[in-house]
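For reference, the structure is listed below as structure tokens.
The values are calculated or read from the model by the stated rules, or taken from the named source; none is laboratory data. For clarity, every value in this text was computed on a predicted model and none was experimentally measured. Don't worry about glycine lacking a Cβ; one is built from the backbone with ideal geometry, like all the others, and counts go over all protein chains shown.
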Amino acid sequence: MRQNSAAASPPQAVAAPEPRSRRYACYAALILILALFAAIRFHFRNMPLERDEGEYAYMGQLVLEGIAPYKLAYTMKLPGTCIAYAAIMAVFGQTAGGIRIGLIFVTTFCSFLVFLLGKRLCGLLGGTVAGTTYVFLAIRPGVLGMDGHATHFVVLAALAGILLLLRALDHPRVILFFASGLLFGLAFLMKQPGIFFGFFAGCYWLWHEWKTGWRWRNVLARGAALITGTVLPYAIVCLWIWHAGAFSTFWFWTWTYARAYGSIISLRDTWQRSLRYTLPWAGRPFVLWEIALVGLAASLWSRYARPRGGFVFGFFLTSALAVCPGLYFRAHYFILLLPAVALCAGVAVECAQRELRRRNLHRLVYAPALLFALAFLLSVRGQWKSYLSLTPVDLSRKLCHDGQVCADNELVAQLIKTTAKPGDEIGIIGSEPEICFYTRLRCASHYLYTYPLMETQPFADQMQTDLLTKLQNSHPRFLIFVDDERSWGWTFTRTLGKNRAFFQEAWNLAHTSYDSIGEVPIPDPGNYTDHLRGNEPTFYVFQRESQ
């Protein structure tokens, strides 16, 4: 006989009704903290865009102009985030401030979804702890949380998909499985690692079907709906780009080159040049991660946690794996792990409280919540006591965004805008797509990043030739030569020596039929001193000679 379908899904917290005062306290704390961090984001809304944001914003501008992704801009990332940027800019305006206001809504809603997931799994207190933990961890400079990275959008779609899947397991209607699949498809479209959450959903759903009594008719119908929903967003994008005539470029960058990119770094380099630097910062404040680890192990010490242990551990493992593709561990990748960390923190506090109550230690029953509140407040104070006194530009320079020069791109854009006309193009020999966004000029080379040209991968020489050919053929009105290792990454790839001929050819191109109109020095924080010409890293800005 078939069991109740809810029996194998993560059971919703069932306990004596909370007193009204406690419920109001939890809701008030959640709303207050969400509002606080929304206000912090709003305060820094005009912080200059960093490179990934510049890429999404520029491609979003093209989308708003009716130009399909990959037709005039190259990137190995799937186009979901640039489409999301287009939607944000359509509502809030094509400015850094407008993008960051949109991000406030994204991150606040993510926190609310974490709250709902925690509330479902372990009760109102656990949900409140989870939601407040996430909103803080997701804004931390250690994970570049102030920036609108694709990982924020992956989290939004994945959490919504998981909650909808859990509802579908309780109320098995095919349309719910289809809608849940759509959200996992959007998570993948935002960034490729988002597919891990779709795999988690599929595995968890199959386990649920097995636990509740396998019926092939139901399995086939629900599975088809879930898979169809997951595939549909990608299929629609493929048709759109194919119709725009850019499918071969789209396939090369998002699959052919992306596969080569994922095989470049070795395990040794992963630790020595990536993980050893990002992990200590991403894992702060340590006390909140320690609380989360207690929650992850809660099935070992709490009877109440055991029915939810499989889901919590599976979600945490999936989130950790989503950080790892390609063995690149950049700071903002860890945002994918934060919902699971926040959920584990909620489980730890809720289960500790219930264990104390079960053991009749009523005098200590509020100790877990109070200890968490103390750890949370001290963590917030330690993180933001210095940052809140900074201006948006000063904060950008302090963070340095892995050595990026975000604020100085605006100076270059202002220099170009003084003489630019509608329809002009700009050639950027470097990885600074923000300049295209600020100036609203199209990128003549289509290469938003030049890192691939320096990598040890089979297409690097082809890309170098293609970039120079495009610039020679289009002969853009403006040309920028970025003489800064941070815009090329040749130190990481150890390829400067073999590529000096390319740089010399690019430099010669900038002096053929072009006049220099300015040089913008690039501040050096002390760790990135490598450049090719002059005494310091510099933006060299050129304008085509008058005809």
Exercise. Looking only at the stretch 160-170, decide whether some residue is touching a residue at least 60 places away in the same chain (Cβ under 8 Å), under 20 Å from the mean Cα position of the chain (by Cα) and under 30 Å from residue 53 (Cβ atoms).
Key: yes
Practice problem: Considering only the stretch 176-223, state which residues are under 25 Å from residue 83 (Cα atoms) and of a type in the set (A, V, I, L, M). | Solution: 176, 179, 182, 183, 186, 187, 189, 190, 195, 201
Quiz item: Within the stretch 418-437, which residues are crowded, with 24+ Cβ neighbours inside 10 Å and farther than 16 Å from residue 542 by Cα?
Solution: 431, 433, 434, 437
Practice problem: Being on the phi > 0 side of the Ramachandran plot and within 25 Å of the chain's Cα centre (by Cα) is the filter here, so list the residues in the stretch 473-504 that pass it. | Solution: 489
Quiz item: Is there a residue in the stretch 12-21 that is modelled with pLDDT under 95, assigned to a helix (DSSP H, G or I), over 30 Å from residue 259 (Cα atoms) and of a type outside the set (Gly, Ala, Ser)?
Solution: yes
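Do we find that residue 33 is buried (at least 18 other Cβ atoms within 10 Å of the Cβ) and either under 20 Å from residue 254 (Cβ atoms) or not basic (Lys, Arg) (or both) in this structure? Explain how you work it out, then say what you get.
Values: buried (at least 18 other Cβ atoms within 10 Å of the Cβ): yes; either under 20 Å from residue 254 (Cβ atoms) or not basic (Lys, Arg) (or both): yes.
Yes, satisfied.
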Self-check item: Those residues of the stretch 268-292 which are of a type in the set (A, V, I, L, M) and over 23 Å from the mean Cα position of the chain (by Cα), in sequence order
Solution: 287, 291
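Look through 275, 226, 186, 232 and report the one residue that is in contact (Cβ under 8 Å) with a residue 12 or more places away in the chain, assigned by TED's automatic domain parsing to the domain that holds residue 159 and touching a Pro at 6+ places or on another chain (Cβ under 9 Å). Let's see the steps before the verdict.
Numbers: 275 fails: touching a Pro at 6+ places or on another chain (Cβ under 9 Å); 226 fails: touching a Pro at 6+ places or on another chain (Cβ under 9 Å); 232 fails: touching a Pro at 6+ places or on another chain (Cβ under 9 Å).
The match here is 186.
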Quiz item: Which residues, taken from the stretch 199-218, are in a helix (DSSP H, G or I), over 15 Å from residue 317 (Cβ atoms) and not hydroxyl-bearing (Ser, Thr, Tyr)?
Solution: 205, 206, 208, 209, 210, 211, 216, 217, 218
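Listed here are the residues, each with its yes/no results for (1) in contact with a Pro (Cβ under 9 Å, 6 or more places away or on another chain); (2) crowded, with 22+ Cβ neighbours inside 10 Å; (3) not assigned by TED's automatic domain parsing to the domain that holds residue 368.
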| site | (1), (2), (3) |
| --- | --- |
| 308 | yes, yes, no |
| 313 | no, no, no |
| 316 | no, no, no |
| 319 | yes, yes, no |
| 324 | yes, no, no |
| 329 | no, no, no |
Practice problem: Would you mind telling me which numbered condition in (1) touching a residue at least 40 places away in the same chain (Cβ under 8 Å); (2) surrounded by 20 or more Cβ atoms within 10 Å (Cβ to Cβ); (3) aliphatic (A, V, I, L, M) residue 467 fails? | Solution: (1)
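Could you grab me the full set of residues in the stretch 243-259 that are touching a Pro at 6+ places or on another chain (Cβ under 8 Å) and either of a type in the set (Phe, Trp, Tyr) or not assigned by TED's automatic domain parsing to the domain that holds residue 144 (or both)?
Here is the first cut: in the stretch 243-259, the ones touching a Pro at 6+ places or on another chain (Cβ under 8 Å) are 246, 250, 257.
Within the stretch 243-259, 250, 257 qualify.
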Quiz item: Which residues, taken from the stretch 264-310, are part of a helix (DSSP H, G or I), of a type in the set (Gly, Ala, Ser) and under 25 Å from residue 349 (Cβ atoms)?
Solution: 282, 292, 295, 298, 299, 309, 310
Exercise. Say whether the condition of being within 30 Å of residue 155 (Cβ to Cβ), among the β-branched types (Val, Ile, Thr) and either in a helix (DSSP H, G or I) or in contact with a Leu (Cβ under 7 Å, 6 or more places away or on another chain) (or both) is met by at least one residue in the stretch 371-384.
Key: yes
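Among the listed residues 343, 395, 361, 415, identify the single one that is of a type in the set (A, V, I, L, M, F, W, C) and surrounded by fewer than 16 Cβ atoms within 10 Å (Cβ to Cβ). Give the steps one after another, and end with the answer.
Numbers: 343 fails: surrounded by fewer than 16 Cβ atoms within 10 Å (Cβ to Cβ); 395 fails: surrounded by fewer than 16 Cβ atoms within 10 Å (Cβ to Cβ); 415 fails: surrounded by fewer than 16 Cβ atoms within 10 Å (Cβ to Cβ).
After applying the criteria, what remains is 361.
Just one of 74, 134, 85 is in contact with a strand residue (DSSP E or B) (Cβ under 6 Å, 6 or more places away or on another chain), in contact (Cβ under 8 Å) with a residue 40 or more places away in the chain and surrounded by 20 or more Cβ atoms within 10 Å (Cβ to Cβ); which is it? Working first, answer last.
Working: 134 fails: in contact with a strand residue (DSSP E or B) (Cβ under 6 Å, 6 or more places away or on another chain); 85 fails: in contact with a strand residue (DSSP E or B) (Cβ under 6 Å, 6 or more places away or on another chain).
Among 74, 134, 85, only 74 is in contact with a strand residue (DSSP E or B) (Cβ under 6 Å, 6 or more places away or on another chain), in contact (Cβ under 8 Å) with a residue 40 or more places away in the chain and surrounded by 20 or more Cβ atoms within 10 Å (Cβ to Cβ).
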Quiz item: Do we have any residue at all in the stretch 497-520 that's surrounded by 15 or more Cβ atoms within 10 Å (Cβ to Cβ), among the charged types (D, E, K, R) and in contact (Cβ under 8 Å) with a residue 24 or more places away in the chain?
Solution: no
Practice problem: Kindly indicate whether residue 260 is free of Cβ contacts under 8 Å to residues at least 60 places away in the same chain and in a helix (DSSP H, G or I). | Solution: no
